[in-house]
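Chemist: Supplied in structure tokens, the structure appears directly below.
The values are calculated or read from the model by the stated rules, or taken from the named source; none is laboratory data. This structure is a prediction, so every number in the text was calculated from the model and none was measured. Don't worry about glycine lacking a Cβ; one is built from the backbone with ideal geometry, like all the others, and counts go over all protein chains shown. Keep in mind that these areas ignore ligands, DNA and RNA; they rest on the heavy atoms of the full protein, side chains included. Shrake-Rupley method; radii C 1.70, N 1.55, O 1.52, S 1.80 Å.
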Amino acid sequence: MSRKRRMFDIDMPSMEDIPVGKVPDKVLEKRRGPMAAAISENAEALRGQQSTEDTIRAENDRLAHELVRLRSEGLVTEHVLLADVVTEKLTRDRKDGPDPELDELKDSIREIGLSNPIRLERRADGRYELIQGMRRLSAYRALYQETGNEVYATIPAGISEGADLNDSYRRMVDENLIRKDISFAEMGALARAFAENPANECPDVDKAVALLFKSASYTKRSYIRSFASLLMMLDKVLMHPNDIPRNVGVELKRKLDADPGLARHVSTSLMNEPDRDGAREVAILRSFLEPTADNPKKVPGASGGKTRRAKTTFQVSGRAGVAKCSASSGRIELRYNLDFTRVNRAKLEQAIASLLDELQEDDDLTHG
């Protein structure tokens, strides 16, 4: 007897719904033993440590590059042996002789140290060229010589790579423009020396003034040019050029330009007094600015017209802008972007007193 095969309908799930090779996370967690958990935690910790180290390394690289940049610009202060500092690259604009303010600077360094580091440039031979800070360097050398204290054997300095010669001169000049004691003769002498140096390729003194004193006002540059010319005219006879007041030097230069033969008379008068001091030299020069019988002063009102009050107007550049000034007999007026009522009275009085003392150098300025 034959059997019939029974057929059954079986509902098979689709292949996409069958999880192949996948084990639920909960099952894995249940199957993970203590060793596997420890390994997993250690790997996670190592990944975190690596990330931290990468962050620190990147920050260190950034700081190293920043340090290199700052050092190349001379913005990092280093201590340099005095013996390694030379002054050969630039012609200095300081006058020769003793510095009356050096003792004050030395006292300040003893008490509080050097507030403003000098500026140097690296040389190929391992030494350093002084660009800014001749007085500070002189003070340190004097202190080391006097005391023998090793504290003064090195000096704080900002060191940069060697720059273009013109740029180095500009850095030196711009710093010294704010000095109170620098004379127009010193600045004129520097311009002459710069022009006469073949290495600078600047044979014209006017161009030298324009290059070196670019930060100065137009008026100040014109005064420097006048003194540079005056020094050339009287180069061999002037003994105290740094004592010549600005107005005397500028006016004398104008007279020498107008009368070339006058330079010989000025030279003769100066050489007749070889033992003169600075004050006497200025007096001799000023005597050539006084009116002579051939060129007397004009008497106000002599023309029969209305008397006109003489008035001088000029402008002076300052930190707060341009000061407009006007001066006449017995009166001077100053207009400047500054609230003078907020200036300390003692300081204001001292400034006015200094102005009056400076003007008293000309004996014929006062009424008499």
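Chemist: Would you list the helices (runs of 4 or more DSSP H) that sit entirely within the stretch 34-147 and hold 3 or more residues that are modelled with pLDDT under 75 and open to solvent by less than 70 Å² (accessible area, probe 1.4 Å)? Don't jump to the end; show me each part of the working.
Modeler: On the way: elements: 34-72, 102-112, 134-147.
Where helices (runs of 4 or more DSSP H) fall fully within the stretch 34-147 and carry at least 3 residues being modelled with pLDDT under 75 and open to solvent by less than 70 Å² (accessible area, probe 1.4 Å), they are 34-72.
Chemist: May I pose another question? Which condition number does A216 fail, the rest of (1) surrounded by fewer than 18 Cβ atoms within 10 Å (Cβ to Cβ); (2) part of a loop (DSSP other than H, G, I, E, B); (3) in contact (Cβ under 8 Å) with a residue 12 or more places away in the chain being met?
Modeler: With (1) surrounded by fewer than 18 Cβ atoms within 10 Å (Cβ to Cβ); (2) part of a loop (DSSP other than H, G, I, E, B); (3) in contact (Cβ under 8 Å) with a residue 12 or more places away in the chain applied to A216, the lone miss is (1).
Chemist: Does S226 satisfy the criteria of being assigned to a loop (DSSP other than H, G, I, E, B) and either open to solvent by 50 Å² or more (accessible area, probe 1.4 Å) or touching a helix residue (DSSP H, G or I) at 6+ places or on another chain (Cβ under 8 Å) (or both)?
Modeler: Details: assigned to a loop (DSSP other than H, G, I, E, B): no; either open to solvent by 50 Å² or more (accessible area, probe 1.4 Å) or touching a helix residue (DSSP H, G or I) at 6+ places or on another chain (Cβ under 8 Å) (or both): yes.
Here the answer is no, as S226 does not meet what is asked.
Chemist: Another question, then. Considering only the stretch 135-155, how many residues are touching a residue at least 12 places away in the same chain (Cβ under 8 Å) and of a type outside the set (A, V, I, L, M, F, W, C)? Talk me through it step by step, then tell me what you get.
Modeler: First, the residues of the stretch 135-155 that are touching a residue at least 12 places away in the same chain (Cβ under 8 Å): 135-144, 152-155.
Still in the list and also of a type outside the set (A, V, I, L, M, F, W, C): 135-136, 138, 140-141, 144, 152, 154.
Of the residues in that region, 8 qualify.
Chemist: I'd like to verify a number: residues in the stretch 243-285 that are open to solvent by less than 50 Å² (accessible area, probe 1.4 Å) and within 34 Å of the chain's Cα centre (by Cα), how many?
Modeler: Step one: of the stretch 243-285, the residues open to solvent by less than 50 Å² (accessible area, probe 1.4 Å) are 244-245, 248-250, 252-253, 256, 261-263, 266-267, 269-270, 276, 278, 281-285.
After this cut, where a residue has to be within 34 Å of the chain's Cα centre (by Cα) as well, the list is 244-245, 248-250, 252-253, 278, 281-282, 285.
Summing the residues that are open to solvent by less than 50 Å² (accessible area, probe 1.4 Å) and within 34 Å of the chain's Cα centre (by Cα) in the stretch 243-285 gives 11.
Chemist: How about the stretch 115-129: which of its residues are hydrophobic (A, V, I, L, M, F, W, C) and within 21 Å of E104 (Cβ to Cβ)? First the steps, then the outcome.
Modeler: Step one: of the stretch 115-129, the residues hydrophobic (A, V, I, L, M, F, W, C) are 118, 120, 124.
Selection gives I118 alone.
Chemist: Follow-up. Cβ contacts < 6 Å: first residue on the phi > 0 side of the Ramachandran plot and of a type outside the set (S, T, N, Q), restricted to the stretch 123-134; second residue outside any loop (DSSP other than H, G, I, E, B) and surrounded by 14 or more Cβ atoms within 10 Å (Cβ to Cβ), any location; separation 6+ or different chain. Result?
Modeler: Between residues of the stretch 123-134 that are on the phi > 0 side of the Ramachandran plot and of a type outside the set (S, T, N, Q) and residues that are outside any loop (DSSP other than H, G, I, E, B) and surrounded by 14 or more Cβ atoms within 10 Å (Cβ to Cβ), the close pairs are G133/I118.
Chemist: State the number of residues belonging to the stretch 191-213 that are assigned to a loop (DSSP other than H, G, I, E, B) and without any contact (Cβ under 8 Å) to a residue 12 or more places away in the chain. Working first, answer last.
Modeler: Of the residues in the stretch 191-213, the ones assigned to a loop (DSSP other than H, G, I, E, B) are 197, 201-204, 213.
Cutting the leftovers down to without any contact (Cβ under 8 Å) to a residue 12 or more places away in the chain gives us 201-204.
So the count comes out to 4.
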